[in-house]
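Q: Please see the structure below; I have some questions.
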Amino acid sequence: MDFRLTEEQKLFKQMVRNFAEKEIRPLVAGWDENDEPLNDEILQKYIKLGLIGIPLPEEYGGQGQTIFEVILAVEELARVSPLAATPVFESGVGPVQVINRFGTEDQKRRYLPRVCSGELMICIGMTEPDAGSALTDLTTRAVPDGDHYVVNGRKRFVSGGGHAGAYLVYVRLSEEKGPMGIGALIIEKGTPGFTFGKRERFMGLRGMPSSDLIFDNCRVPKENLVVGKGGFGKLMLAFDVERLGNATMSLGIAQGALEESLKYSRERKQFGKEICEFQAVQLMLADMAMKVEAARLLIYRAATEADRGVPSVLHTSMAKCFANEMAKEVTDLALQIHGGYGYSTEYPIERMLRDSRGWPVAGGTVQIQRINIASALLGRRFDQRR
Ligand SMILES: Cc1cc2nc3c(=O)[nH]c(=O)nc-3n(C[C@H](O)[C@H](O)[C@H](O)COP(=O)(O)OP(=O)(O)OC[C@H]3O[C@@H](n4cnc5c(N)ncnc54)[C@H](O)[C@@H]3O)c2cc1C
């Protein structure tokens, strides 16, 4: 067991940090205020730096690196803005991984190079109005008709909804209830019968578009089926890696809040001295640092296991649940350390607190992660319906 990053990993992390400080930080407040998505100019910079498609194979235009490098890059970008980390997240651990792992050669050739060149972002449509945590209750139906599927249904809270060019959509491929009938199709924006709902207004993560996906007799070519009926386990396997990306968003936000708090506590004076000299402030800083570091270790372990081909649901769920809760606590302490200024939009802390709040809900709630953890510990699955 070696807890150190390699020299290459350190250099990579530093390179992303420098980029985030120089190119991203000046834009972040404006993105939040105007609810503005990342533009193509910024995306081109990511491509130049090799931050798009980090773990995808080189033969399809990817960087041929590991999930661990995605985690390092997401951490550094989310430290400044989780919005800035989304292109790395989506093209590294997002639904594109389902195509990379389980797609046909034709699907890989059709989609992976377009993702790696920045031309296409693929987002995930799982949640439905009546199927959130109870995902296997989903009712979006894909019925075969000649060489197409006819899709009807509605997906909710899809990050990138309306903005992304393609969606990996979880559908029910047969009348069977529960996980057995579920598979996934790629559905491209512009396909007749596919429209979007209104843009959601969230408390945080502004600039990250989100909307419903609406399918009304939408005809999707059969060659777009990535995972067939009975493949729900495969979808969850790939989604476990996406969860690590979610956990790392929390880690990055918390690391950023910790650094802001250290800086502020050395600058702000009360009673004639820097507030970092008060033990009550020191204890808050120490608690924040311990929590951030513990989350980092949990995430790094789970990512290393995923790269070795032995992903652990237990370790991923622990990492996600802990990091999500941790970022809420750490950003809250950061606000306290900043006093009234932390509550003001002039400082970045209130945004960090708002941004931290989405991740414990997205990607499977922290309650559902705890159920996964308990199931692994007890060696049993607990049917939530009975
Ligand atoms: C920022 C953000 C981004 C998102 N991005 C996407 C996306 O890209 N694609 C997508 O498909 N979805 C996305 N979602 C949706 C997200 O996956 C769902 O919101 C989440 O799975 C919870 O579903 P729900 O909102 O219907 O809540 P519900 O499932 O209704 O849960 C409500 C509450 O009940 C609790 N609960 C439910 N069942 C149990 C149980 N058995 N035991 C204990 N507690 C339980 C939950 O933990 C929660 O606290 C996103 C959500 C957010 C907030």
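Q: Using θ = phi - 60° and the Karplus relation 6.51 cos²θ - 1.76 cosθ + 1.60, list the HN-Hα couplings for the stretch 78-92 in order, rounded to whole Hz, with x at every Gly or Pro.
A: 5, 4, 9, 6, x, 4, 5, 7, 4, x, 6, 4, 4, 7, x
Q: Same structure, new question: Under the rule of -39500 (n - 2.57) per DSSP H run of 4 or more residues, summed and divided by the residues of the chain, what mean residue ellipticity at 222 nm is obtained, to the nearest 500 deg cm²/dmol?
A: Rounded to the nearest 500, it is -16000 deg cm²/dmol.
Q: Follow-up question, since we're still on this one. Suppose we take every Cα in the stretch 7-116 and form the convex hull; what volume per residue is that in Å³?
A: 92
Q: Working from Cα positions, state the angle (0 to 90°, nearest 10) between the long axis of helix 232-267 and the longest principal axis of the chain.
A: Approximately 20 degrees, to the nearest 10.
Q: On to the next question. Taking every eigenvalue of the Cα gyration tensor of the stretch 140-190, multiplying by 5 and rooting it, what semi-axes result, largest first, whole Å?
A: 20, 14, 8
Q: OK, next. Would you work out the charge dipole size for the stretch 7-116 about its Cα centre, treating the Cβ of every Lys and Arg as +1 and the Cβ of every Asp and Glu as -1, and quote it to the nearest 20 debye?
A: The calculation lands at about 260 debye.
Q: Would you mind checking the tilt of helix 313-337 against the longest principal axis of the Cα atoms of the chain, expressed as 0 to 90 degrees and rounded to 10?
A: The helix 313-337 is inclined about 40 degrees to the chain.
Q: Now for a separate question. Where the centroid of each part is defined by its Cα atoms, how far is the stretch 155-211 from the stretch 50-115 in Å?
A: Between the Cα centres of the stretch 155-211 and the stretch 50-115 lies a distance of 19 Å.
Q: What would the Debye equation give as log₁₀ I(q)/I(0) for the chain at q = 0.07, 0.10, 0.13, 0.15 Å⁻¹, counting only Cα atoms as equal point scatterers?
A: -0.31, -0.64, -1.07, -1.40
Q: Ranking VAL96, VAL88 by Cβ neighbours within 10 Å, fewest first, what do you get?
A: If I rank by nearby Cβ atoms, fewest first, I get VAL88, VAL96.
Q: By how many degrees, 0 to 90 and rounded to 10, does the Cα axis of helix 366-378 deviate from the longest principal axis of the chain?
A: Between the helix axis and the principal axis of the chain, the angle is about 80 degrees.
Q: Hey, any idea what Rg/Rh is for the stretch 101-218, computing Rh the Kirkwood way over Cα pairs? Don't skip to the answer; put the middle values down first.
A: Values: Rg = 14.3 Å, Rh = 14.9 Å.
A ratio of 0.96.
Q: Same structure again: When only C-alpha pairs under 8 Å and at least 6 residues apart count, what is the relative contact order of the chain, in percent?
A: Rounded, it is 15 percent for the chain.
Q: Moving to a separate point now. Ranked highest first by the average count of other Cβ atoms within 10 Å around their residues, in what order do 175-183, 255-263 fall?
A: Highest-to-lowest ranking by the protection proxy: 255-263, 175-183.
Quick note: the coordinates plus some simple rules give every number you see, no bench work behind them. What you see is a predicted model; the values in this text were computed from it and never measured. In this analysis, Cβ positions are derived from the backbone assuming ideal geometry, glycine residues included, and neighbour counts consider all displayed protein chains.
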